[in-house]
Amino acid sequence: MNKNRTTGLAVAAVLSVALLSGCEAPSLAKLLSSGDQQAQPSTPASGESSEGSENKTPSSQQEEPGKLKPPSLQETVTMVEGVPTVTNPTELSVVVNKQRALPADYIPPDLVEPNVPFPFDEKVEKRFMRAEAAKALEELFAKAQLDGIELYAVSGYRSYKTQRSLYETYVKTQGAEHAAAYSAVPGKSEHQTGLAMDVSGADAKTRLEEPFGDTPEGQWLVAHSAECGFIIRYLKGKEAITGYSYEPWHLRYVGKEMAQEIMAKGITLEDYLSEDGTAQKQ
C-alpha cells in the first residue's frame, strides 16, 4: 500500500476518535511528524551497539585497588647503637631474625591469653599473644577440631629476659651450634613480637620436634593455617634464608591475605617482603 495513503488513513482515524470522545484533537503537523518518526529506523546512540546493548568500552570508574603490599625489609630497618633494628615492631608484617632486632625495650601493647588448650596449667607469659593473633588462633583451633584434629598451644610470647635465659640454657646444655640453629639471641626472637605460637598435637613425643611435620596435625596446619592468617615460619630447605632449622610447629600470624600468598607460593616471610622477591641468604 502507498505510504502516503496509509499515513492519511491513520490520521483520519485518530481525528475521528478524538472528536467523538470530546477530546482536543492533536494538530495535524504533530501527527504527521509522529508517523514519520515511527517509520524511520532507530539510530544507535553514542556508546551503544547496534543491538541496543551498552558498548563494552572500559568504564571511567576504576575498580578499587587492593591492599598495598607492606614496606620491604630494606625500608623497615635502621641502625641503633650498631644493631640493625626494626622500625615497625607493632606491624603484622614485622620481620625479626638474626639480622634484625626488636627495639631493646619492646613489649607488645595488647597481649591477651587465647582461649585454647595448653599442655600445662601454669599461668605464665608464654600463654599470651597479641589480641588479633590470639583471636585468629582460636579460630584456627576451632577449625582443626571440626576436622578431628587436636591441637595445643605450647609457647607464645617471650620477654627479652625470658629469651635471654632460654638461650643461655640452650648454649649450656646443647652447645652454641645447636642454640644458634633453634634459638634466638635476646631481642631477635619472633616470640617477643607476640605474633608467634609454637603448637603441637596430643602426642608429647613429637612436641617441638621435626617429626611433628609428618603427623596428621602437622600436615593439617600446612594445608589450613593460612585460612586463619598463619604461616609455617621456618620451612624445610629455607634455613639459609630464615637462619633457623625447620620448625613445623612454629606458627607466625601475618594476616589472612599475606599468609595465603606466602603459603601458596611456598616462600618465606623474608622472600615476600624483599624488594626483588628473593631474600638474601643469612
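Taken together, the values in this text are just the output of simple stated rules run on the coordinates, not laboratory data. Since we're looking at a predicted model, the values are computed, not measured. Using ideal geometry, Cβ is built from the backbone for each residue, glycine included, and neighbour counts are taken over all protein chains shown.
Calculate one ³J(HN,Hα) per residue across the range 85-90 by plugging θ = phi - 60° into the Karplus curve 6.51 cos²θ - 1.76 cosθ + 1.60, and present them in order as whole Hz with x for glycine and proline.
10, 5, 9, 10, x, 8
Long-range amide H contacts for Ala101: which residues qualify at under 5 Å (H placed 1.01 Å from N, peptide plane, sequence gap of 5 or more or a different chain)?
Here Thr85, Val86 satisfy the definition.
Provide, as a two-decimal number, the C-alpha radius of gyration of the range 163-244 over 2.2 N^0.38 Å, N being how many residues it has.
Here the Cα radius of gyration is 1.17 times the empirical estimate.
Once phi is turned into ³J(HN,Hα) by the Karplus curve 6.51 cos²θ - 1.76 cosθ + 1.60 with θ = phi - 60°, what whole-Hz value does each residue of the range 196-208 show in order, with x for glycine and proline?
These are the phi-based 3J(HN,Hα) values: 10, 8, 7, 10, 8, x, 6, 7, 5, 5, 9, 5, 6 Hz.
First measure r as the distance between the Cβ atoms of Gln174 and Glu210, then evaluate 1/(1 + (r/R0)^6) with R0 = 25 Å and state the FRET efficiency to the nearest 0.05.
Plugging the Cβ-Cβ distance into 1/(1 + (r/R0)^6) gives 0.95.
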